[in-house]
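Student: Here it is, the structure in full.
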Amino acid sequence: MITKQAKSIPPATAIAFASIVLLVLLFAAGARAGQPALWETSGRVELLKGDARGVSISDTGMVMLAPRLTEVFNTQQTYVWSSAIDSQGNVFLGTGHDGKTFKITPSGSGSLLYDATELDVTALAVGRDGVLYAGTSPDGKVYRIGADGKADVYFDPSDKYIWSLALMSDGSLAVGTGDNGKLYRVRSAGASPESSLLANTNQTHVISLAVTRQGDLIAGTDSGGLVLRVSPEGKMFALFDTQLREIHALAPAADGSIYALALSDAASSARTPSAPVVTTPQPSEGATPTTSVTITPIDETGAPIQGQPGAPTRSRSDVSNARSAVFRILPDGATDVVWSSTTVTAFAIAPALQPGSVLIGTADKGRIYSVTNDGRDTLLLQSPEGQISSLFVKNNQVFAASSNQGKLYRFGNDLVSEGTYESPVRDAKLTASWGRIWWRGTGAVEVQTRTGNGERPDATWSDWSTPYRNPEGTQITSPRARFIQWRATVRSANSSTTPSWIEDVSVAYLPRNVAPEVLSISVLPIGVGLQQMAQVALDPNVESSGLDPSVFGPVAQVPPRRFYQRGARSFQWQAEDRNSDTLEYAIYYRALNEQTFRLLKDKLRDNFYTIDGATLADGRYVIKVVASDGPDNPPGQKLTGERLSEPVDIDNTPPTVKVMGQPQITRDSVRVVFSVEDATGKVRKADASIDGAAWSPVFPEDGIADSGHEVYSVDFGALGPGEHTISLRSFDSSGNVGTLSVTVKR
């Protein structure tokens, strides 16, 4: 319906655009707290997160005026389950949950035609004589309703649901049912109709029916997801078997192809109509892969956002995780995937007014998409209602029935004179100062902004700003806040050959600088040293280019290597900066009984440090880690955060080992008693050796080494004649070792 016009950029605009590109590069260059961030709404995926009122969004991300959507009739019912139109242009709507059928004349005058006793009117069809047939559920019947609203039961099968109706080429009525998946043919024969079983599909439901221009009856089923061609004799041929559950709607096209809308288990509507599927609007997903890069240096991770949730990172032909999909069955039997989405539920399809396209009505904000056969989709328009449940075309007019509220709308090729687009809300994460806003576009376009500190725009937000009309850039006048939103108003241009459009809207802002925070400090066991490992080298050309290094992807950080270092005390810490600034650290220490901290190391980029215990006197110390965001902020604007460690012990003095008394030598044994003293710590263990043999553990006389004073008795068996050397070594809790050797003679 809407085609993208060729755009010519005048020289002045081209120069301005080149300046904007330069600004983008400058903003991308490591935008931290001291530098601006850039929010660029570029590409269709990002734009579909906003609200389009009277505007279309093309497959390339261009916002332009949409077809004029006119409300024809309000049924005052919640759901419209079915629709039909006769040769005179009268539209019929079947609703739920009051089982009402409405008639709307071409002039837009609507009235209640019939009120059935069943809850829902789930299928409608118009006979050649203009009589309306209405199928109801549950425990449904098919009613024959005259122009005067009088109705009689035309067909009353034993099946629970009447899901679909279609007028066959011979004038008989095809009836698709559930829960037994049967297809009936009902013919008018004299005073009473004749019915017969046309086909048993061996499916659970016959959800949809359509008749092609060639007179073929086409049926869509649940739960096998089959598209069947059924001959007048009831012979079935499977045209297509999708891996999705339900063929919800069928739409034959003028070229002989058939569009089939399929739903997954999560989106399937083959349930009791009294428990309808009402899908919460989801972020839209494109049908064709596009690239949308938003340069956003300020984020939770500090990295630019390179893709958005719901971004089309898969082929549309991949329906393995699709929520809904539209297939095109060609006359030669081949099948193409025209559109698919893992997030959006589609409920209606119809051939577009322009050949080679299909209209898709969704539960995504009541949107209607126009999708070409090669998969290029345009958000044609967004209705005021929750979902589009039915689409049909008559006399170059498209009729759309909605649910939540049940209304009938109409649109054609004429465009509205004015439309607006409201962007998604941007979270700057912190209170921000706003810079300039600029965009690309032509014609009568103006942009406004509003800001607030709540996640959703409400009465606590600022009013919309005065309009900005200069696409080359205007200073934002909205007050400082954490959140911002922009709105574009597009009006019809004076010249019909130059349509108004807008794309690539960019907002510059400067988040408030926040002090970094040291979250925790971990103290490693005594004797564990940390050593920096070789890191992956960053391309030296990146820094000189002025671009943000994170644009080139994350750089793997190799953790430090642990090794033994006598008396070492090592610390590791975690720190964060909400501005994602580069941090550097300073390490200080003080004795527990002192007040003044002394510097150990500053301008440290690593988040660990090892102290050589030999450089400090024995005692208890407190370590302070100070984090600074100085590397990314101008002088005088840097902020710091700090944290103190728990007290740590520095003990460089080994335990003292002494012999208590004289060795006791008998013919059968030798006994030596040692005492071990540790002034600053506790004795941890002791080993003994004789004549250089392997060390053997010994226990103190009280059985447990748990104090600063321990006594050890070392007993050896009978020794040979001559001198013997008995050695004892003792370790304290800091890993210091004291030794003593005694020579005995026998």
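The values are calculated or read from the model by the stated rules, or taken from the named source; none is laboratory data. In this text, all values refer to a predicted model and were calculated from it rather than measured experimentally. Note that each Cβ is placed from the backbone with ideal geometry, even for glycine, and that neighbours are counted across all protein chains shown.
Student: With a cut-off of at least 1 residues that are closer than 30 Å to ARG316 by Cα and of a type in the set (Phe, Trp, Tyr), name the strands (runs of 3 or more DSSP E) lying wholly within the stretch 178-264.
Tutor: Correct list: 236-241, 258-263.
Student: With respect to ASN321, determine if the residue is in contact with a strand residue (DSSP E or B) (Cβ under 8 Å, 6 or more places away or on another chain), closer than 26 Å to THR60 by Cβ and assigned to a loop (DSSP other than H, G, I, E, B).
Tutor: No.
Student: Of everything in the stretch 685-716 that's part of a loop (DSSP other than H, G, I, E, B) and aliphatic (A, V, I, L, M), which residue is surrounded by the most Cβ atoms within 10 Å (Cβ to Cβ)?
Tutor: The extreme case among them is ALA705.
Student: Mind listing just one residue for me: the one in the stretch 238-250 that is of a type outside the set (D, E, K, R) and crowded, with 24+ Cβ neighbours inside 10 Å and, of those, nearest to SER357 (Cα to Cα)?
Tutor: Restricting to residues being of a type outside the set (D, E, K, R) and crowded, with 24+ Cβ neighbours inside 10 Å, the top hit is ALA249.
Student: Restricting to the stretch 663-684, give me the number of residues that are among the acidic types (Asp, Glu), more than 15 Å from GLY717 (Cα to Cα) and either in contact with a helix residue (DSSP H, G or I) (Cβ under 6 Å, 6 or more places away or on another chain) or not in a strand (DSSP E or B) (or both).
Tutor: 1
Student: Still on this structure, please answer the following. Restricting to the stretch 630-662, what's the tally of residues that are within 60 Å of the chain's Cα centre (by Cα), of a type in the set (Ser, Thr, Tyr) and in a strand (DSSP E or B)?
Tutor: 1
Student: With surrounded by 22 or more Cβ atoms within 10 Å (Cβ to Cβ), more than 30 Å from SER580 (Cβ to Cβ) and of a type in the set (Ser, Thr, Tyr) as the only criterion, which of SER383, SER390, SER417 stands out?
Tutor: Going through SER383, SER390, SER417 in turn, just one is surrounded by 22 or more Cβ atoms within 10 Å (Cβ to Cβ), more than 30 Å from SER580 (Cβ to Cβ) and of a type in the set (Ser, Thr, Tyr): SER390.
Student: While we're looking at this one, here's another question. If you check every pair at least six apart or on different chains, which have Cβ atoms under 6 Å apart with a residue in the stretch 718-731 that is under 17 Å from VAL672 (Cβ atoms) first and a residue that is surrounded by fewer than 18 Cβ atoms within 10 Å (Cβ to Cβ) and basic (Lys, Arg) second?
Tutor: LEU719/ARG746; GLU723/LYS745
Student: Among the numbered criteria (1) aromatic (Phe, Trp, Tyr); (2) free of Cβ contacts under 8 Å to residues at least 24 places away in the same chain; (3) under 22 Å from SER389 (Cα atoms), which single criterion is violated by PHE237?
Tutor: Checking PHE237 against (1) aromatic (Phe, Trp, Tyr); (2) free of Cβ contacts under 8 Å to residues at least 24 places away in the same chain; (3) under 22 Å from SER389 (Cα atoms), the one that fails is (3).
Student: Does at least one position in the stretch 78-100 carry a residue that is over 37 Å from the mean Cα position of the chain (by Cα), aromatic (Phe, Trp, Tyr) and within 27 Å of VAL211 (Cα to Cα)?
Tutor: Looking through the stretch 78-100, at least one residue is over 37 Å from the mean Cα position of the chain (by Cα), aromatic (Phe, Trp, Tyr) and within 27 Å of VAL211 (Cα to Cα).
Student: Among (1) farther than 30 Å from TRP163 by Cβ; (2) over 30 Å from the mean Cα position of the chain (by Cα); (3) modelled with pLDDT of 95 or more, there is one condition TRP39 misses while meeting the rest; what is its number?
Tutor: Of everything listed in (1) farther than 30 Å from TRP163 by Cβ; (2) over 30 Å from the mean Cα position of the chain (by Cα); (3) modelled with pLDDT of 95 or more, TRP39 misses just condition (2).
Student: Can you say whether SER19 is at pLDDT below 60, farther than 20 Å from GLN485 by Cα and either outside any helix (DSSP H, G or I) or more than 24 Å from the chain's Cα centre (by Cα) (or both), as far as the supplied structure shows?
Tutor: It is true that SER19 is at pLDDT below 60, farther than 20 Å from GLN485 by Cα and either outside any helix (DSSP H, G or I) or more than 24 Å from the chain's Cα centre (by Cα) (or both).
Student: Kindly evaluate ALA534 against the criterion of being assigned to a loop (DSSP other than H, G, I, E, B) and among the small types (Gly, Ala, Ser).
Tutor: The answer is yes for ALA534.
Student: Which residue, of GLU543, GLU472, is at pLDDT below 90 and closer than 29 Å to LEU430 by Cβ?
Tutor: Answer to the check: GLU543.
Student: Restricting attention to the stretch 569-584, and to residues there that are acidic (Asp, Glu) and out of contact with any strand residue (DSSP E or B) (no Cβ under 7 Å at 6 or more places or on another chain), which single residue is farthest from GLY619 (Cα to Cα)?
Tutor: My answer is ASP581.
Student: Here's another thing I want to ask about it. Check whether at least one residue in the stretch 400-408 is within 23 Å of ILE258 (Cβ to Cβ) and out of contact with any helix residue (DSSP H, G or I) (no Cβ under 6 Å at 6 or more places or on another chain), and report yes or no.
Tutor: yes
Student: Among the residues of the stretch 546-558, is any closer than 25 Å to ALA627 by Cα, modelled with pLDDT of 70 or more and among the small types (Gly, Ala, Ser)?
Tutor: For the stretch 546-558, residues closer than 25 Å to ALA627 by Cα, modelled with pLDDT of 70 or more and among the small types (Gly, Ala, Ser): absent.
Student: How many residues does the stretch 420-447 hold that are of a type outside the set (D, E, K, R), assigned to a strand (DSSP E or B) and in contact with an Asp or Glu (Cβ under 9 Å, 6 or more places away or on another chain)?
Tutor: 6
Student: From THR596, THR610, which residue is among the β-branched types (Val, Ile, Thr), part of a loop (DSSP other than H, G, I, E, B) and either modelled with pLDDT of 90 or more or in the same structural domain as LEU38 (by TED's automatic domain parsing) (or both)?
Tutor: After applying the criteria, what remains is THR596.
Student: Pairs please, first residue from the stretch 682-698 and assigned by TED's automatic domain parsing to the domain that holds SER713 and under 15 Å from ARG671 (Cα atoms), second anywhere and surrounded by fewer than 18 Cβ atoms within 10 Å (Cβ to Cβ) and modelled with pLDDT under 90, Cβ atoms under 7 Å, 6+ apart in sequence or on different chains.
Tutor: Listed by first residue and then by second, the contacts come to ILE690/PHE716.
Student: May I ask you to list the residues in the stretch 126-142 that are surrounded by fewer than 23 Cβ atoms within 10 Å (Cβ to Cβ) and assigned to a strand (DSSP E or B)?
Tutor: VAL126, the sole residue that qualifies.
Student: A follow-up question, please. Which of the strands (runs of 3 or more DSSP E) found entirely inside the stretch 347-419 contain at least 1 residues meeting this: touching a strand residue (DSSP E or B) at 6+ places or on another chain (Cβ under 7 Å) and polar (S, T, N, Q)?
Tutor: 357-362, 367-372, 377-382, 387-394, 397-403
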